Protein chains: 2
Amino acid sequence: MTIKSPIRSPPRSIETLRWNETSGRIELIDQRILPARFEMPGYDSAAAVANAIQSMVVRGAPAIGCAAAYGVAVEARRLRELASAGFAAGMASAFEVLANSRPTAVNLFWALQRMQTVLMSTQSQAPPAIADELLREAHAILAEDIRANRAMGVHGAALLPDTAQVLTHCNAGALATGGHGTALGVIRSAVEAGKRISVLADETRPLLQGARLTVWELQQDGIPVTLITDNMAGHMMQLGVVDAVIVGADRVAANGDFANKIGTYMVAVLAHRHRIPFYVAAPLSTIDRQLVDGRKIPIEERNDAEVRGFADQRWASADVGVRNPAFDVTPAELVTALITEKRVVLQPNSARIAALFD
Amino acid sequence: MTIKSPIRSPPRSIETLRWNETSGRIELIDQRILPARFEMPGYDSAAAVANAIQSMVVRGAPAIGCAAAYGVAVEARRLRELASAGFAAGMASAFEVLANSRPTAVNLFWALQRMQTVLMSTQSQAPPAIADELLREAHAILAEDIRANRAMGVHGAALLPDTAQVLTHCNAGALATGGHGTALGVIRSAVEAGKRISVLADETRPLLQGARLTVWELQQDGIPVTLITDNMAGHMMQLGVVDAVIVGADRVAANGDFANKIGTYMVAVLAHRHRIPFYVAAPLSTIDRQLVDGRKIPIEERNDAEVRGFADQRWASADVGVRNPAFDVTPAELVTALITEKRVVLQPNSARIAALFD
């Protein structure tokens, strides 16, 4: 695989999920093949969307939540000609297959809960009407996510100096959300506000979301970006070229501990040592108030092949044992501020996070 | 590229450098293509050896030192029919090309100094006799390195518990030395002494010496090894499955600060936070007494393509800016002990390191 530049047919503003009314499909940017190819296949069943989430066609906690909502909506549309009993049984299966797609990002369960609430409140209606309501709710979840990212962007941008190099890990950009992004949304909003922001992007092994997706997104927007391997972050901090760190989150516990892409903890520990502000940008839908702290966040372990190589290339022995946790947990004590759509929470703890929901 | 297992014709005891008296060549395991292929091309000029060092056919500070010594020796043999003046001029060029091959590992300069001393002390002799002396010195440097690794192994093994999982970064094994290894030498010696040691190997982007070389070496010896990406080290420490860290060094300053493969600093900071012993195994030839501390260690910056992909695969845009420092510097305060062939230096500092040379 060789990446040719410029990229073929780049979209101007990145739409990670796009509803196609004509086909009745939710179209998703296939993030496994970026930046080599830009493709937006359509999905018309819950099982197909669940598979897209599991195989990481779509990834990033908020985007997973939006995709799951549309997974319910397309399934309802697919089954709307059934009688009520058959429709209800099909929808129950749809929720189950979507809930089992990936375990860590809580937005998935949050979005399914919202869809479930709509389903419950419409159960007296005929399936076609229920399907219409579920599609409206999916559209609402997507629209709210984009608005939340815009609000986080404004709140977060105020935290950055007028000139700064910001390090980020993985991709918490438009591709990880309905649009604009969480961590990259803050950076985009800071740039829109006239600040001179450059980005240091960790490549983020094993699936290289930093090298492939964050770099691609920022290049679309003309925001200066420099790519490094994950193990260079500490050296860059030693050199004094990192002014702030901003990352996203897959699940924030009630006390501010949070799960994010594997390697985030390492960056947080290094930022703490170097007294560099460490910011987490996440919408309220990422906060799991049921979990007292981060110890109980379920951490997905993915398949060995991802670590033995990349795509179709293998560089390690086929029989070497591998660990492949997709996330790690960073304690709240290492977080300078949690940026939400409601406001910025400095030094997040249980009381300050609970106050967000008042 | 696909790695088939088992590997074709593996050597039983790894000889990273092998003198071939018949051909007059120094043969080097081509470490760029392991573990997919095992090849040992021969080199018969200083320029060819310098190129092998620069392109990382051979790498690892002690192995680079040995290779440079043989680079001088093969050049002397190649030029031995010249008159003394031509021979002297040729040898001066040889030293220069070898000294300019890579900047960070001080063993390169240490070995060239030893060869220079032999050249100076034999200048009244005829070129063929000088060439013989230089070859003898190269053999001595190689033999001493293997002995030093064995001694480090014995000293270092005593530091490890009877049962331990040890994390290592990059490859400080037989392949990085004349044989046995520095960090992996300690692990091998501990296993030989009956300890139950398993290894967690950081893959070590961008050139993946951990995934390719450390895994291969340990599998040859039947030592249990688990491969992780570099950004998983902190999570593994959080899980409590790392009992000690052992790494090698490319240059140790007089105060114990040391340069090693990029990412070592990150591991040291994490080990410090988790109160996990952090050991550096390095022969005296890696200590640069001229440098008061680590700030002046020259850090090689390698080419961008290494970060944009691996081998012939590229996953990032061809036009993204890249940083590619090959090493970082870890301050002595993070080092639990420096393991040398003479003895173990606990909490290394200037006085304790100076005492090693008394």
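Some observations on this one:
- Check on residue A:283, of a type outside the set (Val, Ile, Thr) and open to solvent by 30 Å² or more (accessible area, probe 1.4 Å): no
- The numbered conditions (1) in a loop (DSSP other than H, G, I, E, B); (2) surrounded by fewer than 22 Cβ atoms within 10 Å (Cβ to Cβ) are all true for residue B:133 except (1).
- Only residues that are in a strand (DSSP E or B) and open to solvent by less than 40 Å² (accessible area, probe 1.4 Å) were counted across the stretch A:21-34, and they come to 3.
- Filter result for residue A:280 (more than 12 Å from chain B (Cβ to nearest Cβ), under 22 Å from the mean Cα position of the chain (by Cα) and among the hydrophobic types (A, V, I, L, M, F, W, C)): yes
- Of residues in the stretch A:251-261 being within 14 Å of another protein chain (Cβ to nearest Cβ) and part of a strand (DSSP E or B), the one farthest from residue A:352 (Cα to Cα): A:261
- Any hit, the stretch B:294-305, residues being under 23 Å from residue B:33 (Cα atoms), of a type in the set (A, V, I, L, M) and assigned to a loop (DSSP other than H, G, I, E, B): no
- Selection count, the stretch A:35-60, where residues are crowded, with 24+ Cβ neighbours inside 10 Å and within 14 Å of residue A:213 (Cβ to Cβ): 4
- All positions within the stretch B:38-77 that are free of Cβ contacts under 8 Å to residues at least 40 places away in the same chain and charged (D, E, K, R): B:39, B:44, B:75
- Reported count of residues in the stretch B:105-126, each being part of a loop (DSSP other than H, G, I, E, B) and surrounded by fewer than 21 Cβ atoms within 10 Å (Cβ to Cβ), is 5.
Table: residues versus (1) in contact with a Cys (Cβ under 9 Å, 6 or more places away or on another chain); (2) on the phi > 0 side of the Ramachandran plot; (3) touching a residue at least 12 places away in the same chain (Cβ under 8 Å); (4) not assigned by TED's automatic domain parsing to the domain that holds residue B:29.
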{"position": "B:139", "(1), (2), (3), (4)": "no, no, yes, no"}
{"position": "B:184", "(1), (2), (3), (4)": "no, no, yes, yes"}
{"position": "B:189", "(1), (2), (3), (4)": "no, no, yes, yes"}
{"position": "B:199", "(1), (2), (3), (4)": "no, no, yes, yes"}
{"position": "B:222", "(1), (2), (3), (4)": "no, yes, no, yes"}
{"position": "B:240", "(1), (2), (3), (4)": "no, yes, no, yes"}
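- Considering the stretch A:196-226, the residues that are among the acidic types (Asp, Glu) and out of contact with any Lys or Arg (no Cβ under 8 Å at 6 or more places or on another chain) include one that is nearest to the other protein chains (Cβ to nearest Cβ), namely A:202.
- Among residues that are open to solvent by less than 30 Å² (accessible area, probe 1.4 Å), of a type outside the set (Gly, Ala, Ser) and within 9 Å of chain A (Cβ to nearest Cβ), residue B:269 is included.
- Only one of B:275, B:352 that is in contact (Cβ under 8 Å) with a residue 12 or more places away in the chain, open to solvent by 20 Å² or more (accessible area, probe 1.4 Å) and farther than 30 Å from residue A:171 by Cβ: B:352
- Reported count of residues in the stretch B:85-104, each being open to solvent by less than 20 Å² (accessible area, probe 1.4 Å), under 16 Å from residue B:63 (Cα atoms) and of a type outside the set (A, V, I, L, M, F, W, C), is 3.
- Residue A:312 passes every criterion in (1) at pLDDT below 95; (2) within 18 Å of residue A:103 (Cα to Cα); (3) not aliphatic (A, V, I, L, M) apart from (2).
- Residue satisfying condition, being within 13 Å of chain A (Cβ to nearest Cβ) and either among the acidic types (Asp, Glu) or closer than 23 Å to residue A:327 by Cβ (or both), within set B:264, B:229: B:229
- Checking each residue in the stretch A:296-307 for being open to solvent by 10 Å² or more (accessible area, probe 1.4 Å), within 22 Å of the chain's Cα centre (by Cα) and at the interface with another protein chain (Cβ under 10 Å from one of its Cβ atoms) picks out A:299, A:306.
- Residue selected from the stretch B:308-325 under the condition part of a strand (DSSP E or B) and at the interface with chain A (Cβ under 7 Å from one of its Cβ atoms), by the criterion most open to solvent (accessible area, probe 1.4 Å): B:314
- Wholly within the stretch A:154-250, strands (runs of 3 or more DSSP E) carrying at least 3 residues that are among the aliphatic types (A, V, I, L, M) and open to solvent by less than 10 Å² (accessible area, probe 1.4 Å): A:163-168, A:196-202, A:244-247
- Every condition in (1) open to solvent by less than 30 Å² (accessible area, probe 1.4 Å); (2) farther than 30 Å from residue B:166 by Cβ; (3) hydrophobic (A, V, I, L, M, F, W, C); (4) within 23 Å of the chain's Cα centre (by Cα) holds for residue B:292 except the one numbered (1).
- Filtered residues of the stretch B:326-343 (kept if open to solvent by less than 40 Å² (accessible area, probe 1.4 Å), outside any loop (DSSP other than H, G, I, E, B), of a type outside the set (Gly, Ala, Ser) and more than 8 Å from chain A (Cβ to nearest Cβ)): B:327, B:330, B:334, B:338, B:339
The values are calculated or read from the model by the stated rules, or taken from the named source; none is laboratory data. Keep in mind that what you see is a predicted model, and the values were worked out from it rather than measured. FYI the Cβ positions are ideal-geometry reconstructions off the backbone, even for glycines, and counts take in every protein chain you see. Accessible surface is based on the protein model in full, side chains and every heavy atom, while ligands, DNA and RNA are left aside. Shrake-Rupley method; radii C 1.70, N 1.55, O 1.52, S 1.80 Å.
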